[in-house]
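**Q** Structure incoming, see below.
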């Protein structure tokens, strides 16, 4: 894969197990450069685990993961850190550094990786905070922020080094409708204005459909369906219909596998 | 019998794995330390403040009372042999060689070691360490090494302060309260305390500083990222530090006695 390949992330034949449990089996995914790509799937299908492969925090049992010209599964630690400078990541809970205020959180990557003068750091940080609408909150501590604000600060921190790829892990989880709308708009705007590629892991079908150019639905370690959100919503397979329309039962059962209900209840009386 | 044997082997294997992991962790910390001192000096100083300065009140208060008890007990026992003038010597030797380094390490572990373990554990549980890794910042260099060095620097200073305040405590109870002559108290001490006794305390406190700091940062860094996991890491820090400090104390004492005899 060349440095400026059409695909920013290319996963080929990814296999991975944890103990006896198979997480991925021959997973193939290609994410186009410049797109917002959504990774969807029921809880526990390994969406966040997939992000760990993309960022080099996990090594597959088999298969390869290419990210922006790096073969992540074969890149040594130093190379991984170089690669990560080109990636911004928004964690589910924001993962802001609790010792620092909003300004210092956003300034953190600049202070660690550059020798910019303080005045320039000040300008860059305030510009990024302005982009997420939180310039006025620069002195606040992470504990004073709401969930939505914390995620926006984390977004400002993720873009402060001008990355080529932005990764969002469940960016809509636990947000009120207003914050959710703000985050949806920001994802799209950041992608288009900064000319970057975005990967969004989520199971909020409505929000993700509004923002994604293409989507992958993962289930049982494989890609169950892929395409634009429109294509997915018209997909005829039972699993895709269940997921896209939020049906309680279907190929993904409501009940976790369990022994017979009656015998389990009566069995307790015998104990 | 077979099950008992396998459980023993399993436990032993777990212990060896943890011990090996801790050694590798220690080697990585040591290899990163010189650069951290140069590049992250303000962070190290901040950790010396967190680990050392913030432990000062506890160390001083405990040192004072330990010294007072030593003065009291020493006077009571020595007066049976008409040797109560030696109370200063007994207190000084006890504090400089044993009680100062050991108690300072145990108290440090309870105050600063647990704080370090829980702080790093919480950073792990709230994805702050993962976030650093994703920002291409090695958390071992940025978070662990400065905290480790802060503990290592603090410990000998705290032990020295503990011993100094302890001697003052012994003076208060022995001289001011029980009436031993002040001049004799200090002249006896001066005549009997030798540099080897002081060096023994310094060496011990340095070794305890490394061991206690290592336990705290290792347990915090490798804690399970849940509330229970962080709690367990904090408890393990205190327990393991206490065992390590007392075991190392015996080894260093034995080594010093073998070398000086």
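**Q** So, residue A:112, is that one within 13 Å of chain B (Cβ to nearest Cβ) and either in a loop (DSSP other than H, G, I, E, B) or closer than 13 Å to residue A:157 by Cβ (or both) or not?
**A** Numbers: within 13 Å of chain B (Cβ to nearest Cβ): yes; either in a loop (DSSP other than H, G, I, E, B) or closer than 13 Å to residue A:157 by Cβ (or both): yes.
For residue A:112, the condition - within 13 Å of chain B (Cβ to nearest Cβ) and either in a loop (DSSP other than H, G, I, E, B) or closer than 13 Å to residue A:157 by Cβ (or both) - is met.
**Q** Select, from B:94, B:79, B:154, the only residue that is buried (at least 24 other Cβ atoms within 10 Å of the Cβ) and either more than 14 Å from every other protein chain (Cβ to nearest Cβ) or at positive phi (or both). Before you say what the answer is, go through the steps one by one.
**A** Numbers: B:94 fails: buried (at least 24 other Cβ atoms within 10 Å of the Cβ); B:79 fails: buried (at least 24 other Cβ atoms within 10 Å of the Cβ).
Result of the check over B:94, B:79, B:154: B:154.
**Q** Here is a follow-up. From the list A:163, A:171, A:177, exactly one residue is crowded, with 19+ Cβ neighbours inside 10 Å, away from chain B (no Cβ under 13 Å) and closer than 29 Å to residue A:34 by Cβ. Which is it? Don't jump to the end; show me each part of the working.
**A** Details: A:163 fails: away from chain B (no Cβ under 13 Å); A:177 fails: crowded, with 19+ Cβ neighbours inside 10 Å.
Only one candidate passes the filter, namely A:171.
**Q** Given the criteria modelled with pLDDT of 90 or more, surrounded by 15 or more Cβ atoms within 10 Å (Cβ to Cβ) and either in contact with a helix residue (DSSP H, G or I) (Cβ under 7 Å, 6 or more places away or on another chain) or at the interface with chain B (Cβ under 10 Å from one of its Cβ atoms) (or both), does residue A:132 qualify? First the steps, then the outcome.
**A** Working: modelled with pLDDT of 90 or more: no; surrounded by 15 or more Cβ atoms within 10 Å (Cβ to Cβ): yes; either in contact with a helix residue (DSSP H, G or I) (Cβ under 7 Å, 6 or more places away or on another chain) or at the interface with chain B (Cβ under 10 Å from one of its Cβ atoms) (or both): yes.
Judged against the criteria, residue A:132 is not a match.
**Q** Another one. Just checking, does the range B:121-143 include any residue being assigned to a helix (DSSP H, G or I) and more than 14 Å from chain A (Cβ to nearest Cβ)? Give the steps one after another, and end with the answer.
**A** Here is the first cut: in the range B:121-143, the ones assigned to a helix (DSSP H, G or I) are B:121-125, B:128-134, B:139-143.
Pick out the ones that are also more than 14 Å from chain A (Cβ to nearest Cβ) and you get none.
Scanning the range B:121-143, I find no residue that is assigned to a helix (DSSP H, G or I) and more than 14 Å from chain A (Cβ to nearest Cβ), so the answer is no.
**Q** Do you know which of the residues in the range A:57-86 that are assigned to a helix (DSSP H, G or I) and more than 14 Å from every other protein chain (Cβ to nearest Cβ) is surrounded by the most Cβ atoms within 10 Å (Cβ to Cβ)?
**A** Going residue by residue through the range A:57-86, those that are assigned to a helix (DSSP H, G or I) are A:72-74, A:77-84.
Subset that is more than 14 Å from every other protein chain (Cβ to nearest Cβ): A:73-74.
Working: A:73: 19, A:74: 11.
Checked the range A:57-86; the qualifying residue surrounded by the most Cβ atoms within 10 Å (Cβ to Cβ) is A:73.
**Q** In addition: So if I check each of B:226, B:234, which one is under 19 Å from residue B:107 (Cβ atoms) and over 15 Å from the mean Cα position of the chain (by Cα)?
**A** Working: B:226 fails: under 19 Å from residue B:107 (Cβ atoms).
Just one listed residue meets the conditions, B:234.
**Q** Here's another thing I want to ask about it. Just one of the numbered conditions (1) within 14 Å of chain A (Cβ to nearest Cβ); (2) within 13 Å of the chain's Cα centre (by Cα) is not true of residue B:201; which one?
**A** Of (1) within 14 Å of chain A (Cβ to nearest Cβ); (2) within 13 Å of the chain's Cα centre (by Cα), only one is false for residue B:201: (1).
**Q** Among the residues of the range B:50-70, which ones are over 14 Å from the mean Cα position of the chain (by Cα) and within 14 Å of residue B:152 (Cβ to Cβ)?
**A** If the condition is that a residue be over 14 Å from the mean Cα position of the chain (by Cα) and within 14 Å of residue B:152 (Cβ to Cβ), then B:50 is the only one that fits.
**Q** Do you know which of the residues in the range B:1-25 that are touching a residue at least 40 places away in the same chain (Cβ under 8 Å) and more than 28 Å from residue A:111 (Cβ to Cβ) is surrounded by the most Cβ atoms within 10 Å (Cβ to Cβ)?
**A** Going through the range B:1-25, the residues touching a residue at least 40 places away in the same chain (Cβ under 8 Å) turn out to be B:21-22, B:25.
Then drop every residue that is not more than 28 Å from residue A:111 (Cβ to Cβ), which leaves B:21-22.
Values: B:21: 12, B:22: 16.
It comes out as B:22.
**Q** Does any residue of the range A:30-53 turn out to be within 12 Å of chain B (Cβ to nearest Cβ), surrounded by 18 or more Cβ atoms within 10 Å (Cβ to Cβ) and in contact with a helix residue (DSSP H, G or I) (Cβ under 8 Å, 6 or more places away or on another chain)? Full working, then the answer.
**A** As a first pass, look at the range A:30-53 and keep what is within 12 Å of chain B (Cβ to nearest Cβ): A:48, A:51-52.
Adding the requirement that they be surrounded by 18 or more Cβ atoms within 10 Å (Cβ to Cβ) leaves A:51.
Remaining after also requiring in contact with a helix residue (DSSP H, G or I) (Cβ under 8 Å, 6 or more places away or on another chain): none.
Within the range A:30-53 (the criterion being within 12 Å of chain B (Cβ to nearest Cβ), surrounded by 18 or more Cβ atoms within 10 Å (Cβ to Cβ) and in contact with a helix residue (DSSP H, G or I) (Cβ under 8 Å, 6 or more places away or on another chain)), the answer is no, since none of the residues qualifies.
**Q** Which of the residues spanning the range A:87-106 are within 14 Å of chain B (Cβ to nearest Cβ), surrounded by fewer than 23 Cβ atoms within 10 Å (Cβ to Cβ) and either at pLDDT 90 or above or in contact with a helix residue (DSSP H, G or I) (Cβ under 6 Å, 6 or more places away or on another chain) (or both)?
**A** Once the filter is applied, which keeps residues that are within 14 Å of chain B (Cβ to nearest Cβ), surrounded by fewer than 23 Cβ atoms within 10 Å (Cβ to Cβ) and either at pLDDT 90 or above or in contact with a helix residue (DSSP H, G or I) (Cβ under 6 Å, 6 or more places away or on another chain) (or both), the range A:87-106 yields A:97, A:98, A:100, A:104.
The values are calculated or read from the model by the stated rules, or taken from the named source; none is laboratory data. All values reported here derive from a predicted model rather than from experimental measurement. We place every Cβ from the backbone using ideal geometry, glycine too, and count neighbours over all the protein chains shown.
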